[in-house]
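Student: Next up is a structure, given as structure tokens.
The values are calculated or read from the model by the stated rules, or taken from the named source; none is laboratory data. Only a predicted model underlies this, so the values are computations on that prediction, with no experimental measurement involved. Because the Cβ atoms are built from the backbone with ideal geometry, glycine has one as well, and the counts that use them run over all protein chains shown.
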Amino acid sequence: MPHDHHDHLSPSGHPYRADDDTPLSYWQTMEIAVRELLVEKNVTTPEEINAQIDKMDARSPAIGAAVVARAWVDPDFKQRLLKDGSAASLEMGFDVGPMHLIAVENTQDTHNIIVCTLCSCYPRNLLGLPPDWYKSRAYRSRTVKEPRKVLSEFGVTLGENVTVRVHDSTADMRYVVLPARPKDTDGLSEAELASLVTRDSMIGTGVARNPST
Amino acid sequence: MNIKKNGHRWHDMGGQDAGAVPQNQHDFSLWEKRVDALMIVASSKGYFTVDGLRRSLEDMGEYAFENMSYYERWIASINQNLIESGTYTLEELGAKMAQVQKRGETYGEANLG
């Protein structure tokens, strides 16, 4: 792990952690033992585990951002995305697996936010692994009770006239927010638009960036 | 003991009072990524189901949530499910963990791959 990246984010969008040179823990011991037993029992191979890690590492909010930008420029695609998020993502080559993906659209008068009150269900195939706060007791408990207050902690202040919809995910059903397209972006390319789409804007704890900021 | 006053189990947190949302984050260690990969690979091959993973996590109770990290709970649940499905035995696990521990003081030293 590089030592000069304290102010930078890893490819998954998380800050780098301190090096793991702590003593071997009980649970790390179990992970090594389980993995080796599964290889010995011909359940998997070290190559297969590495390939799965590479696959997960390659997933980042950039994938979700590409889907959002396509929906912004192509009204037919947007309709298909809102009708069946899994099928529309697959059209772009992003397989979200067996779970149902439901895209919910932010408009002038509706703001959507996603949570998993039971655990950590998240559109991981479009956004990568969830940030730690998404799995925290505070976010899971309060988002369904006082979403506006939670949103204000993320710097999102909504007018009284804006309806807030909270979507609680399950293992089989994942949500992703289709953020509202920022103003004054008419001349931008699809790729330029995608660069305005943040991870948090697709969770609903943020909004898409304005091109001038 | 794992049932709250409102009749919900401990993991069913929606609507409770809690403090500010913590904003500190970390990227994932190699061992955590491996736990994630073990879950995807073994469940996709039918050795257990996502529901089985969830059931075991939910049965752990609140103490585990407060005192273990996310992927610590996951490897405990994966292991529980694999033993239940007869993929390997508790004895095999115990022997393997003892063997792993003897290899060295750190994760890097104990890991052969």
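Student: Looking at this structure, is A:ASP7 out of contact with any strand residue (DSSP E or B) (no Cβ under 9 Å at 6 or more places or on another chain) and at pLDDT below 95?
Tutor: Numbers: out of contact with any strand residue (DSSP E or B) (no Cβ under 9 Å at 6 or more places or on another chain): no; at pLDDT below 95: yes.
Considered against the rule, which asks whether it is out of contact with any strand residue (DSSP E or B) (no Cβ under 9 Å at 6 or more places or on another chain) and at pLDDT below 95, A:ASP7 comes out as no.
Student: If I filter the range A:57-77 for residues that are touching a residue at least 40 places away in the same chain (Cβ under 8 Å), among the β-branched types (Val, Ile, Thr) and within 14 Å of another protein chain (Cβ to nearest Cβ), do I get at least one hit?
Tutor: Scanning the range A:57-77, I find no residue that is touching a residue at least 40 places away in the same chain (Cβ under 8 Å), among the β-branched types (Val, Ile, Thr) and within 14 Å of another protein chain (Cβ to nearest Cβ), so the answer is no.
Student: Output the residues belonging to the range B:60-87 that are within 16 Å of A:THR29 (Cα to Cα) and of a type in the set (D, E, K, R).
Tutor: Within the range B:60-87, B:GLU72, B:ARG73 meet the criteria.
Student: Given the criterion at negative phi, touching a residue at least 60 places away in the same chain (Cβ under 8 Å) and more than 7 Å from chain A (Cβ to nearest Cβ), identify the matching residue among B:GLU62, B:GLU84, B:GLU58.
Tutor: B:GLU62
Student: Of all residues in the range A:21-69, count the ones that are more than 29 Å from the chain's Cα centre (by Cα) and assigned to a helix (DSSP H, G or I).
Tutor: The number of residues fulfilling the criteria is 8.
Student: Among what's in the range A:17-48 and is at the interface with chain B (Cβ under 9 Å from one of its Cβ atoms) and polar (S, T, N, Q), pick the residue that is surrounded by the most Cβ atoms within 10 Å (Cβ to Cβ).
Tutor: Here the answer is A:GLN28.
Student: Take A:ALA51 and tell me if it is buried (at least 18 other Cβ atoms within 10 Å of the Cβ) and out of contact with any Gly (no Cβ under 9 Å at 6 or more places or on another chain).
Tutor: Working: buried (at least 18 other Cβ atoms within 10 Å of the Cβ): no; out of contact with any Gly (no Cβ under 9 Å at 6 or more places or on another chain): yes.
So A:ALA51 fails the test.
Student: For the subset of the range B:17-55 comprising residues that are of a type in the set (Lys, Arg) and at the interface with chain A (Cβ under 7 Å from one of its Cβ atoms), which member is farthest from A:GLU47 (Cα to Cα)?
Tutor: My answer is B:ARG54.
Student: Answer yes or no: is there a residue in the range A:160-180 that is over 19 Å from A:LEU82 (Cα atoms), modelled with pLDDT of 95 or more, acidic (Asp, Glu) and in the same structural domain as A:TRP133 (by TED's automatic domain parsing).
Tutor: no
Student: Out of B:ASP36, B:ASP51, B:ASP27, report the one residue that is out of contact with any helix residue (DSSP H, G or I) (no Cβ under 9 Å at 6 or more places or on another chain) and buried (at least 17 other Cβ atoms within 10 Å of the Cβ).
Tutor: One residue alone meets the criteria, B:ASP27.
Student: Related question: Can you pull out the residues in the range A:130-166 that are of a type in the set (A, V, I, L, M), out of contact with any Pro (no Cβ under 9 Å at 6 or more places or on another chain) and within 9 Å of chain B (Cβ to nearest Cβ)?
Tutor: Residues satisfying the conditions are A:VAL144, A:VAL150.
Student: What are the pairs, 6+ residues apart or on separate chains, where a residue within the range A:167-180 that is away from chain B (no Cβ under 12 Å) has its Cβ under 8 Å from a residue that is surrounded by fewer than 16 Cβ atoms within 10 Å (Cβ to Cβ) and aliphatic (A, V, I, L, M)?
Tutor: A:LEU178/A:LEU82
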